[in-house]
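Values in this text are rule-based calculations from the coordinates and carry no lab data. Worth saying up front: this structure is predicted, and the values here are computed from it rather than measured. All Cβ positions, even for glycine, are placed from backbone atoms using ideal geometry, and neighbour counts span all protein chains on display.
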Number of protein chains: 4
Amino acid sequence: MKVIADFCLIPMGQGLSLSPYVAECQRILRQMGLQHELHAYGTNIEGEWETVMEAIKRCHVRIHEMGAPRINTTLKLGTRSDRDQTMRDKVDSVETLLNQDT
Amino acid sequence: MKVIADFCLIPMGQGLSLSPYVAECQRILRQMGLQHELHAYGTNIEGEWETVMEAIKRCHVRIHEMGAPRINTTLKLGTRSDRDQTMRDKVDSVETLLNQDT
Amino acid sequence: MKVIADFCLIPMGQGLSLSPYVAECQRILRQMGLQHELHAYGTNIEGEWETVMEAIKRCHVRIHEMGAPRINTTLKLGTRSDRDQTMRDKVDSVETLLNQDT
Amino acid sequence: MKVIADFCLIPMGQGLSLSPYVAECQRILRQMGLQHELHAYGTNIEGEWETVMEAIKRCHVRIHEMGAPRINTTLKLGTRSDRDQTMRDKVDSVETLLNQDT
């Protein structure tokens, strides 16, 4: 089962700068060979359900190791049984419509 | 690693009544022996990371089998390395403060 | 337009105990006369769109005043144009199905 | 009060193709002059709290008018009192760290 996810991890009790933690999660996603795209409020990930979930678990384990005693993650998970769809497809289908406006 | 989760699954392309799908997810959580509590906008779940994640995957598989071609889940995941905390503890600590108001 | 919301506010840079902040948000919801119900991962709120949104804004303003320099809120918003539905209705419709299991 | 938001609206009971609804929300954000960026699982928005919230309300009203009887929105809201931060800043601070890896 393929999944498109949106992943936003917040370490707590670690001050206000989150970028070192977000960067570490990006490294984990890259090492696991997962398609991913950082945006201003999270990271989109595309892959097999088990691989994506394993990556998210590794992020929690690693961020705790980096010293964060408490972590709060928000995750969206989209699955389809009717057809394959990539992250790129989702953005393209909206942009195609917007381009027809003019 | 223990996790407290908040799970909200929405089947798409299946009409407006979601309760049969939500009820089926409750059955899966119960069968897996996971502590869980339904609220008006999702279900809180408490357990080991792997068990909780396995339950959520089974919910997606089952809801697709029930005919929903597209599913969108929103999930919150809270982990702590400093101490154990239950769903009950989280609610109690707020209510204790509110009870001191009067 | 009526809305059923699920509201979860996390102050950052403020240590690990969130209950004083959550309790303060509960007080604001109560003062504004909004139906609300605390659960282990947020608070369900029911009311007119403008009132609910005003309450959430006041929570952000107040939590900043309490000293939190950075706040991250997760919010779900459900609206319907076909019929009225309360938070209680949503839980009841699932529990009715589950009670028929036995 | 400035806010950076992540907005994901799902119309229900309207079939599986969501792009016409997402495109309409993009038009509303553009008409209101809000900085926004579409990604594969939502849209990041940056602006004054009131303007962003007014835009999201207009999206709900408009999508109901387009025929969707039920809407489910997931929203993240980030505010800071310590300093100004843009959507671009958030992505840049992570990418700067990642670029130092090599």
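Annotations
- The requirement of being assigned to a strand (DSSP E or B) and more than 9 Å from chain D (Cβ to nearest Cβ) is satisfied by residue A:47.
- Qualifying residue in the stretch D:1-15 (condition: without any contact (Cβ under 8 Å) to a residue 12 or more places away in the chain, at negative phi and out of contact with any Ser or Thr (no Cβ under 6 Å at 6 or more places or on another chain)): no
- Count - residues of the stretch A:59-75 that are assigned to a helix (DSSP H, G or I), in contact with a helix residue (DSSP H, G or I) (Cβ under 7 Å, 6 or more places away or on another chain) and crowded, with 22+ Cβ neighbours inside 10 Å: 2
- Selection within the stretch D:76-102 - of a type outside the set (Lys, Arg), surrounded by 20 or more Cβ atoms within 10 Å (Cβ to Cβ) and facing chain A (nearest Cβ under 10 Å): D:77, D:78, D:87, D:94
- When restricted to residues that are over 25 Å from residue C:91 (Cβ atoms) and either facing another protein chain (nearest Cβ under 7 Å) or of a type in the set (S, T, N, Q) (or both), the stretch C:11-30 contains 7.
- Scan of the stretch A:17-27 for residues that are more than 13 Å from the chain's Cα centre (by Cα) and either without any contact (Cβ under 8 Å) to a residue 24 or more places away in the chain or over 14 Å from residue A:63 (Cα atoms) (or both), ordered by number: A:17, A:18, A:19
- Of all residues in the stretch A:24-44, exactly one satisfies the criterion of being assigned to a helix (DSSP H, G or I) and β-branched (Val, Ile, Thr), namely A:28.
- All positions within the stretch A:9-23 that are crowded, with 19+ Cβ neighbours inside 10 Å and in a helix (DSSP H, G or I): A:21, A:22, A:23
- Just one of the listed residues (D:28, D:10, D:56) is of a type in the set (Val, Ile, Thr) and in contact with a helix residue (DSSP H, G or I) (Cβ under 6 Å, 6 or more places away or on another chain), and it is D:28.
- The stretch B:43-57 residues that are more than 25 Å from residue C:95 (Cβ to Cβ), paired with ones that are buried (at least 20 other Cβ atoms within 10 Å of the Cβ) (beta carbon under 8 Å, 6 or more apart): B:48/B:3; B:49/A:60; B:49/B:3; B:49/B:79; B:53/A:53
- Test: residue D:6 is at the interface with chain A (Cβ under 9 Å from one of its Cβ atoms) and in a helix (DSSP H, G or I): no
- Meets criteria (of a type outside the set (A, V, I, L, M) and in contact (Cβ under 8 Å) with a residue 12 or more places away in the chain) for residue A:30: no
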